[in-house]
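Structure first, then comments.
Quick note: the coordinates plus some simple rules give every number you see, no bench work behind them. Bear in mind that the values here come from a model prediction, so they are computed numbers and not experimental data. Here the Cβ positions follow ideal geometry from the backbone for every residue, glycine too, while neighbour counts run over all protein chains shown.
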Amino acid sequence: DTNSILILPGDGIGAEVMAEVVKVIDWFQDNRGMAFTVDHDLVGGAAYDAHGKPLSDETMAKAQAVDAVLLGAVGGPKYDDLDFSLKPERGLLRLRKEMDLYANLRPAQCFDALADFSSLKREVVAGLDILIVRELTSGIYFGQPRGIEDDTSEGNEGGRVGINTQRYTSGEIRRVARSAFELAKKRDNRVCSMEKANVMESGILWRQEVQWVHDNEYPDVELSHMYADNGAMQLVRNPRQFDVIVTDNLFGDILSDAAAMLTGSLGMLPSASLGAPMANGRPKALYEPVHGSAPDITGQGKANPIACILSFAMALRYSFDRGDAASELEAAVEKVLADGLRTADLTGPGGGDAISTSQMGDSIVAALSSA
Ligand code: NAI
Ligand code: MG
């Protein structure tokens with residue numbers, strides 16, 4: 001059983017943090033009998049420099065064929081003046097669009113050693129481990145009609161109207177609901193669906209279709225429903241009540257950013273985007289840290305590789321069906337943090353005693369070996 005990976009380090013610290021992930025992949029290959037085929041290619045500014053496009057057709061075709069794409073980050077000041085269609089971000093957007101990655105996964109995990117970095121009190125977040133699944137390819141960011149038009153109706157000061165449309169088909173809701181239930185089966189087996197069925201028809205349909213998928217396909221997974229505004233409140237009041245949260249594009253955008261603040265540094269946050277199951281049953285998948293290319297610290301060995309390493313842990317769990325290996329890797333990260341090892345982003349003012357990107361990667365590999 002081989003596991004195919006396409007590594008796209010991208011720009012800036014993308015390449016620096018991805019080098020540490022490669023060490024982790026090698027470790028699992030050498031020590032846990034996992035077979036990986038790993039290919040490397042270019043995306044973003046790096047791809048533009050090489051062949052004048054932020055993602056070549058060849059790279060796109062490779063991404064479609066592998067079990068998991070691991071991406072670092074794209075962008076940088078060097079590319080800020082490029083034409084819109086050539087910008088590094090377009091490479092990432094093309095991957096997401098052509099792979100049809102409709103489920104965006106944002107975990108919020110709080111390692112005990114970093115609980116004081118949270119915006120909330122330690123006793124509310126210590127040990128937190130939740131997963132927000134945001135629908136990514138439909139909803140109000142895409143629905144028609146949209147635009148800014150003249151509106152000369154009486155009493156409208158300014159004379160214009162801005163229009164966006166929330167539109168979800170039952171099929172779009174069912175497929176992201178399936179993703180959420182599949183993920184829950186690999187976690188704590190609980191899904192909470194969030195919408196505003198009290199004031200939105202698309203919310204009523206959302207609730208009905210998620211319930212339908214549950215009743216017909218995943219009756220053994222615990223399902224609850226919550227209005228999204230209450231969900232936002234519960235997320236900061238008692239976030240540990242949740243396991244998997246599934247919600248639409250707009251609410252998911254907001255709720256996942258709020259959840260990110262439960263855990264602290266941008267350098268710690270992984271993500272994944274999943275699409276439809278392929279012929280081998282695995283979902284189309286792209287894993288990437290939430291952070292960008294961080295030009296302000298590029299080339300200084302300061303980048304925290306943990307977000308990218310935890311993104312690979314997600315690949316182990318959700319693409320390669322190795323939850324055991326994912327937990328082992330997360331435990332190694334936890335141990336290194338508990339031992340007090342910190343990259344500069346985790347040391348607070350002054351940044352004293354920070355270790356480098358590669359020292360952090362090496363420490364995590366050493367922790368894997370010593371467990
Ligand atoms: P950023 O995430 O790159 O950096 C924000 C701040 O967090 C910076 O001070 C940076 O040094 C710090 N930071 C980020 N990741 C870190 C890590 N792993 N370890 C330690 N510190 C870290 O966001 P920014 O500055 O808004 O954007 C920089 C470039 O990245 C832009 O070109 C932007 O378009 C691009 N970008 C790319 C993304 C992607 O590839 N998915 C996402 C966000 C931004
Ligand atoms: Mg956002």
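Distance between Cα centroids, region 129-169 to region 67-119: provide it in whole Å.
The two parts, judged by their Cα centres, are 24 Å apart.
Taking R0 as 30 Å, what FRET efficiency do you get between A331 and Q359 from their Cβ-Cβ distance, rounded to the nearest 0.05? Show your work: numbers first, answer last.
Values: r = 19 Å, r/R0 = 0.64.
The value I calculate is 0.95.
Suppose each label sits 7 Å from its Cα in the direction of the beta carbon; what would the M200-R122 distance come out to in nanometres?
It works out to 3.8 nm between the two label points.
Could you compute the FRET efficiency for E98 and Y141, with r as their C-beta to C-beta distance and R0 at 25 Å, rounded to 0.05?
Once rounded, the FRET efficiency stands at 0.90.
Connecting C-alpha atoms closer than 10 Å in a GNM of the chain, tell me which of V199, V66, V74 has the biggest fluctuation.
Greatest mean-square fluctuation among the candidates belongs to V199.
For the chain, modelled as a Gaussian network with Cα springs under 10 Å, which listed residue fluctuates most, P219, P270, P145?
Looking only at P219, P270, P145, the biggest GNM fluctuation is shown by P145.
Do me a favour and compute the ellipsoid semi-axes for the chain from its Cα gyration tensor, root of five times each eigenvalue, largest one first, whole Å.
33, 25, 22
Using Cβ counts within 10 Å as a stand-in for footprinting exposure, how do R134, R175 rank, fewest first?
Ordered by Cβ neighbours within 10 Å, fewest first: R175, R134.
If you average the alpha carbon positions of region 187-203 and of region 230-285, how far apart do those two centres end up, in angstrom?
Cα centroid of region 187-203 versus Cα centroid of region 230-285: 13 Å apart.
Cross-link candidates for K186: which lysines have Cα within less than 27 Å, leaving aside residues fewer than 8 places away along the same chain?
Excluding near neighbours in sequence, the set is K23, K97, K284, K335.
Please give the length that would be gained between E149 and R167 if that part of the chain were fully extended, namely 0.36 nm times their separation in residues minus their C-alpha to C-alpha distance (nm, one decimal).
Between E149 and R167, full extension yields 4.5 nm more.
Cα to Cα, under 16 Å, and not fewer than 8 places away if on the same chain: which aspartates and glutamates meet these conditions relative to K185?
Within the straight-line limit of under 16 Å, K185 reaches these aspartates and glutamates: D129, D215, E217, D220, E222, D243, D321, D324.
Can you work out the Karplus-derived ³J(HN,Hα) for every residue in region 339-344? Use 6.51 cos²θ - 1.76 cosθ + 1.60 with θ = phi - 60°, whole Hz, and x for glycine or proline.
Those phi angles translate into 6, x, 6, 9, 7, 4 Hz.
Can you put K87, K284 in order, fewest other beta carbons within 10 Å first?
With the sparsest Cβ surroundings first, the list reads K87, K284.
Report ³J(HN,Hα) in whole Hz for each residue of region 257-267, in order, from the Karplus equation J = 6.51 cos²θ - 1.76 cosθ + 1.60 where θ = phi - 60°; Gly and Pro get x.
5, 4, 5, 4, 6, 6, 10, x, 6, 4, x
Using only the Cα atoms of region 129-261, construct the convex hull and provide its projected area averaged over every direction, in square nanometres to one decimal.
About 9.4 nm², averaged over all directions.
Taking the beta-carbon count within 10 Å as an exposure proxy, list S4, S193, S356 from fewest neighbours to most. Intermediate results must be reported in sequence, preceding the final value.
Details: S4 19, S193 28, S356 16.
Ascending number of Cβ neighbours within 10 Å: S356, S4, S193.
Could you give the distance between the Cα centres of region 1-26 and region 322-371, to the whole Å?
17
With r defined as the distance between the Cβ atoms of W212 and D49 and R0 fixed at 35 Å, what FRET efficiency is calculated, to the nearest 0.05?
0.10
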